[in-house]
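Here is the structure we will look at.
The values are calculated or read from the model by the stated rules, or taken from the named source; none is laboratory data. The structure presented is a predicted model; accordingly, all values stated were derived computationally and were not measured. Cβ atoms come from the backbone with ideal geometry, glycine included; neighbour counts cover every protein chain shown. Ligands, DNA and RNA are excluded from the accessible area calculation, which covers all protein heavy atoms including side chains. Shrake-Rupley method; radii C 1.70, N 1.55, O 1.52, S 1.80 Å.
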Amino acid sequence: MEHTATPLYLDWSFWAVVVAALAIALSQLPPVLSWFKRAKLEIEPYSKIAITHKVGNPNLQLHLIINNTGGRKIRVKDIRLRIKRDGIEVATLPAQNYLQNQSDKNTLLFTAFSLKPGEEWGHLTNFLNFFNREDENLFRSLEKEMLSDFHVKRDALDKDSKALIEIESDLVEPFHEFFNRKFIWKAGEYDLSVCVTTDTPKSDLSRQYRFTLFESHVSHLHAITEHFKYGGGISWDPNIQTNVIVDIKEA
């Protein structure tokens with residue numbers, strides 16, 4: 001008796017194999033699709049920013065989290081803050097250093113870093129422009145003269161004296177001029193752009209925020225200048241709070 005072959009579409013063992021193969025293929029679909037996803041960054045700044053300065057030269061501190069939510073590895077080359085007041089840019093401050101852990105006392109130099117898909121970078125970061133060569137030389141020259149006057153006057157005092165030593169006014173005034181030239185803060189509304197530059201221009205990112213400075217904030221930032229006549233805030237820390245902390249909101 002001749003046996004008739006079972007059609008393939010009625011062969012349940014065949015379909016069992018097909019279904020198993022499809023299941024395996026579908027289970028790999030998300031990873032395969034990720035091959036075609038470009039790198040994509042998301043940033044999440046903390047809701048507050050700290051503003052301080054070095055003899056007027058602005059310094060902003062921001063806790064920033066950067067996530068790679070895309071499907072490719074990406075290299076972050078630069079992060080900077082652009083600050084505008086009344087539509088006019090008053091400063092562009094690059095990331096210069098950061099704290100590895102918030103409890104650390106010493107900072108690490110900011111350098112380019114890579115993020116794989118799903119990885120994040122999050123640190124308390126300092127944004128500032130270091131003095132250029134001309135300003136650095138001027139500052140060191142002025143500081144040298146101030147310290148020379150300080151040492152002469154200190155040597156003339158009793159060794160046990162704890163009196164503050166006041167520097168000659170003509171040696172102090174240049175630091176006030178330096179401060180006034182570098183200090184950018186006035187009371188008002190500010191626009192803040194957090195800009196991230198990568199090795200893939202299409203993945204570069206910029207997010208807009210805003211913050212407000214009040215007269216009290218500006219006065220607080222000015223307070224350190226009262227210690228200049230003693231060298232405080234220039235050659236030694238007068239141990240007063242020299243920063244203001246303000247809220248930032250999405251623009």
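Data for the structure
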read-out: Where a residue in region 96-111 is of a type in the set (Phe, Trp, Tyr) and its partner, wherever it lies, is assigned to a loop (DSSP other than H, G, I, E, B), with Cβ under 8 Å and at least six apart; value: 98/107; 98/110
read-out: Matching residues, region 223-251, being buried (at least 18 other Cβ atoms within 10 Å of the Cβ) and within 15 Å of residue 60 (Cα to Cα); value: 242, 244, 248
read-out: From 192, 124, residue being crowded, with 17+ Cβ neighbours inside 10 Å, touching a His at 6+ places or on another chain (Cβ under 7 Å) and not charged (D, E, K, R); value: 124
read-out: Residue list for region 195-212, restricted to those being farther than 16 Å from residue 247 by Cα and open to solvent by less than 70 Å² (accessible area, probe 1.4 Å); value: 195, 196, 197, 198, 200, 203, 204, 205, 206
read-out: Residue, farthest from residue 60 (Cα to Cα), within region 95-115, restricted to residues that are outside any strand (DSSP E or B) and either modelled with pLDDT of 95 or more or among the β-branched types (Val, Ile, Thr) (or both); value: 112
read-out: Test for residue 143: is it under 27 Å from the mean Cα position of the chain (by Cα), of a type in the set (Asp, Glu) and either over 28 Å from residue 88 (Cβ atoms) or open to solvent by 90 Å² or more (accessible area, probe 1.4 Å) (or both); value: no
read-out: Qualifying residue in region 213-222 (condition: more than 21 Å from residue 126 (Cα to Cα) and open to solvent by less than 40 Å² (accessible area, probe 1.4 Å)); value: no
read-out: Subset of region 82-94 [open to solvent by 80 Å² or more (accessible area, probe 1.4 Å), modelled with pLDDT of 95 or more and either of a type in the set (Asp, Glu) or within 27 Å of residue 120 (Cα to Cα) (or both)]; value: 82, 89
read-out: Which numbered condition residue 76 fails, given (1) free of Cβ contacts under 8 Å to residues at least 40 places away in the same chain; (2) buried (at least 17 other Cβ atoms within 10 Å of the Cβ); value: (1)
read-out: Selection status of residue 71, outside any strand (DSSP E or B) and surrounded by 12 or more Cβ atoms within 10 Å (Cβ to Cβ); value: yes
read-out: Any hit, region 149-172, residues being over 30 Å from residue 74 (Cα atoms), within 30 Å of the chain's Cα centre (by Cα) and without any contact (Cβ under 8 Å) to a residue 40 or more places away in the chain; value: no
